[in-house]
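Have a look at the structure below, then the notes.
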Amino acid sequence: MLDGGKISRRTLHDELSGLIRAMIVGGELCPGQRIPEQELCARFGVSRTPLREALKVLSVEGLVRLLPNRGAIVVRITRKEADDLVSVLGILEAFAGELVCDRIDEHALAEIRAMYDRMNELFRDGQKLAYLEVNCAIHRAIVKATGNETLAEVHHMLETRLNSVLSAARNPPPRWEEAVHDLGRMIEALESRDRATFALLAREHIQHTAETLKAVNLTEQSPTMVRKSARRLRHDP
């Protein structure tokens, strides 16, 4: 849960984008829900102008849809769009693995291994959202280690959209344990600088993610979740 505290005016636009992005990925703002601009302005102590600039950034990322003269809503991703995201991410991560095996240093490898150990703890404790955050951090660290900024930017945007869908799974489905195992094998391949194995495992991993998506209902939005989200926005300090 975000603490709802006032934020500084330095890099205000970036901070707001990050805060609202986290609310979407974490399920606090739900697919199809109108962005409550007035409540968010009060919550973060900002005016409408920087908030709307932040929403423009999120619209480019595909998380928010701007409505002419009617504010903005959280994008509802269709089944086909989710499947397309998974397919493209699989290709990007396999390609990233082929690059990074030749480029990653021991320090970066040690950081990724430490993140994986932390992710395992969170998974065992059932801390779904924290688990997802560390999982994302691992994937991004691997892509970042390629040194290809364009690849990292595109990957980040698509992964953020995908995780807004995965967060809708109310409880970790059985395949999440399989995903933890997949990522462990990918890191072992990375440590061995085994490009071919990493690329193969990355494609298998993304296929398992596709199976996980089948457990998520993308066509229905729970009114209860929307009401709870609205109450949190009204009552948080």
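For segment 1-51, a residue qualifies if it is part of a helix (DSSP H, G or I), surrounded by 18 or more Cβ atoms within 10 Å (Cβ to Cβ) and either at pLDDT below 85 or not aliphatic (A, V, I, L, M) (or both), and the qualifying residues are LEU12, SER17, ARG21, ILE24, VAL25, ARG43, PHE44, PRO50. Within segment 109-129, residues that are hydroxyl-bearing (Ser, Thr, Tyr) sit with their Cβ atoms under 8 Å from residues that are assigned to a helix (DSSP H, G or I) and modelled with pLDDT of 90 or more, at 6+ positions apart or across chains, in these pairs: TYR116/ILE138; TYR116/LEU183; TYR116/GLY184; TYR116/ILE187.
Checking each residue in segment 8-47 for being more than 19 Å from TYR131 (Cα to Cα) and of a type in the set (Asp, Glu) picks out ASP14, GLU15, GLU37, GLU39.
If you filter segment 59-86 down to residues that are among the small types (Gly, Ala, Ser) and closer than 15 Å to THR160 by Cβ, you find that the one that is modelled with the lowest pLDDT is GLY62.
Kindly evaluate THR160 against the criterion of being among the hydroxyl-bearing types (Ser, Thr, Tyr), at pLDDT 90 or above, surrounded by fewer than 21 Cβ atoms within 10 Å (Cβ to Cβ) and part of a helix (DSSP H, G or I). For THR160, the condition - among the hydroxyl-bearing types (Ser, Thr, Tyr), at pLDDT 90 or above, surrounded by fewer than 21 Cβ atoms within 10 Å (Cβ to Cβ) and part of a helix (DSSP H, G or I) - is not met.
With respect to ALA54, is the statement that it is buried (at least 17 other Cβ atoms within 10 Å of the Cβ) and in contact with a Leu (Cβ under 6 Å, 6 or more places away or on another chain) true? Yes: the conditions hold for ALA54. THR219 satisfies every condition listed in (1) assigned to a loop (DSSP other than H, G, I, E, B); (2) among the hydroxyl-bearing types (Ser, Thr, Tyr); (3) modelled with pLDDT under 90; (4) crowded, with 18+ Cβ neighbours inside 10 Å except (4).
Would you confirm whether or not segment 205-213 contains a residue that is modelled with pLDDT of 85 or more, assigned to a helix (DSSP H, G or I) and in the same structural domain as LEU92 (by TED's automatic domain parsing)? So that I can check it myself, show each step before the final result.
Residues of segment 205-213 that are modelled with pLDDT of 85 or more, as a first pass: 205.
Of the ones still in play, those that are also assigned to a helix (DSSP H, G or I) are 205.
With in the same structural domain as LEU92 (by TED's automatic domain parsing) added as a condition, the list becomes 205.
Within segment 205-213 (the criterion being modelled with pLDDT of 85 or more, assigned to a helix (DSSP H, G or I) and in the same structural domain as LEU92 (by TED's automatic domain parsing)), the answer is yes, since at least one residue qualifies.
The values are calculated or read from the model by the stated rules, or taken from the named source; none is laboratory data. Computed from a predicted structure; not experimentally measured. Note: ideal-geometry Cβ built from the backbone for every residue, glycine included; neighbour counts use all protein chains shown.
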